[in-house]
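Student: Dropping a structure here in structure tokens format, bear with me for questions.
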Amino acid sequence: MMRSVRLAVPLLLVALATAMPVCAQEADLVSIDTPRGVKQSFILIEPEAPIASVILLPGGHGALGLKSPSEMEWGDRSFLVRSREKFASHNLIVALVDAPSDRQEDGMDSGFRMGNAHAGDIGAVAGYLKQLADVPVWLVGTSTGTWSAAWSAIAADNVDGLVLTSTITRPRSHWKLAQTHSDGVASLPLEEVTLPTLIVSHADDSCDITPPDGAAKLRNRLQNAKPVDVAMLKGGEPTSKETCEAMSRHGFAGIEDEAVDAIAKFIAANSK
């Protein structure tokens, strides 16, 4: 079993920001230096009166290839990517995270997402957000991004809450990690998570690696997370026949507002 290492993150970080309007919210493209010497870029949206910050961790390989606050090479249809302004409308500072500079070409595999180097990068983003506003910082991951969110909740020492959406709990048998993590994210040492945690699933998610019944497994293993809750959503209008793609029920297609509302409500209730 992997052992966690608490990561101290320096608060003095250098930011490169270029402001551009994105619909009703103003967004910046920010790049910071992380403790291990790489660049970590993210889209930043700041509401006027934030109650918390969210670090959004998309699925897939995670290499968005951010070009500006509104342009990216990949992933624009991902649930968290296309919903970023919805989060900001709930008075949440949003940091939509790209893969770090050393992972732009190959993307982030599960091994990297479950490593302390990645958790240190995410911790650096959390430190930057805490400099912006004295409010709690939450991790929100979806699909393969739940590896990142869950491990960073264990390893980073400056985050305050966790949200897992469409979580991988049934790895495919031919995946190498299935031998060591047969229950996917639920195989991580989740007993070490003591943060408020919300699990969000779609009751009709037919993606083979994110079954809705995995939510109960996650909740049982998050025995020290206080509180921990499950939001089991229904409905929507999927436009993709690929069950594990962003515009399917796996990606909450057609019920983005409901999904974000459930997350924002939990964050607001546990950020006091």
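Values quoted throughout were computed directly from the atomic coordinates according to the rules given, and no laboratory measurement underlies them. Treat the numbers as computed from the prediction; the structure is a model and nothing was measured. Backbone-built Cβ (ideal geometry, glycine too); neighbour counts: all protein chains shown.
Student: With the crude spin-label approximation of a point 7 Å out along Cα→Cβ, what separation in nm comes out for Asp204 versus Asp257?
Tutor: A separation of 1.9 nm, rounded to one decimal place.
Student: Quick one: compute the contact order of the chain, relative version, from alpha carbon pairs under 8 angstrom and 6+ residues apart, as a percent.
Tutor: 17 percent
Student: If you keep only loop residues by DSSP, which chymotrypsin sites (Phe, Trp or Tyr not before Pro) in the stretch 124-210 have at most 14 other Cβ atoms within 10 Å of their Cβ?
Tutor: Hits after loop and neighbour filter: Trp175.
Student: Shape of the stretch 114-272 from its Cα gyration tensor (a ≥ b ≥ c, root eigenvalues): rounded if a/c is under 1.5, otherwise prolate when a/b > b/c, or oblate?
Tutor: Oblate, because a/c is 1.5 or more while a/b does not exceed b/c.
Student: Quick one: check the C-alpha center-to-center distance for the stretch 45-107 versus the stretch 162-181, whole angstrom.
Tutor: After rounding, the separation between the Cα centres reads 22 Å.
Student: Further question on the same structure: Dipole size in debye (nearest 20) for the stretch 180-272 around its Cα centre, Lys and Arg Cβ +1, Asp and Glu Cβ -1?
Tutor: 400 debye
Student: Quick one: what are the phi-derived ³J(HN,Hα) couplings along the stretch 160-168, Karplus 6.51/-1.76/1.60 with θ = phi - 60°, whole Hz, x for glycine and proline?
Tutor: Ordered by residue, 3J(HN,Hα) equals 10, x, 9, 10, 10, 10, 6, 7, 6 Hz.
Student: A further question on this structure: Pick from Ile168, Ile122, Ile51: which residue has the top mean-square fluctuation in a GNM of the chain where Cα pairs under 10 Å get a spring?
Tutor: Highest fluctuation of the listed residues: Ile51.
Student: List the lysines whose Cα lies under 26 Å from the Cα of Lys176, skipping any in the same chain that are fewer than 8 positions away.
Tutor: Of all the lysines, those that pass the test against Lys176 - Cα under 26 Å, at least 8 places apart if same chain - are Lys217.
Student: Let a ≥ b ≥ c be the square roots of the eigenvalues of the Cα gyration tensor of the chain; is it rounded (a/c under 1.5), or, if not, prolate (a/b larger than b/c) or oblate?
Tutor: Note, shape of the chain comes out rounded.
Student: May I ask for the net charge around Gly65, where only other residues with Cβ less than 15 Å from the Cβ of Gly65 are counted and Lys, Arg are +1 while Asp, Glu are -1?
Tutor: Within the 15 Å Cβ shell, the charges total -3.
Student: Run the dipole for the stretch 37-176 about the Cα centre, Lys and Arg Cβ at +1, Asp and Glu Cβ at -1, nothing else charged, and hand back the magnitude in debye, nearest 20.
Tutor: 500 debye
Student: Moving on to the next point. Using the 10 angstrom Cβ neighbour count as an exposure proxy, how do Thr142, Thr180 rank, fewest first?
Tutor: Going from sparsest to densest Cβ surroundings: Thr180, Thr142.
Student: Step through the table entries Lys39/Lys86; Lys67/Lys130; Lys226/Lys265; Lys226/Lys272; Lys86/Lys265, compare each Cα-Cα distance with 20 Å, and write down the pairs that go over it.
Tutor: From Lys39/Lys86; Lys67/Lys130; Lys226/Lys265; Lys226/Lys272; Lys86/Lys265, over 20 Å: Lys39/Lys86; Lys67/Lys130.
Student: Could you give the longest part of the chain that holds none of the GluC sites (Glu not before Pro) found in DSSP loops with at most 15 neighbouring Cβ atoms within 10 Å?
Tutor: No qualifying site falls inside 106-241, the longest such stretch.
Student: Before rounding to the nearest 500, sum -39500 (n - 2.57) across all DSSP H runs of length at least 4 in the chain and divide by the residue total; then give [θ] at 222 nm in deg cm²/dmol.
Tutor: Calculated mean residue ellipticity at 222 nm is -6500 deg cm²/dmol.
Student: Continuing with this model, one more query. Please enumerate, by chain and number, the aspartates and glutamates with C-alpha under 17 Å from the C-alpha of Lys241, excluding those fewer than 8 residues away in the same chain.
Tutor: Qualifying aspartates and glutamates at Cα under 17 Å: Asp204, Asp205, Asp208.
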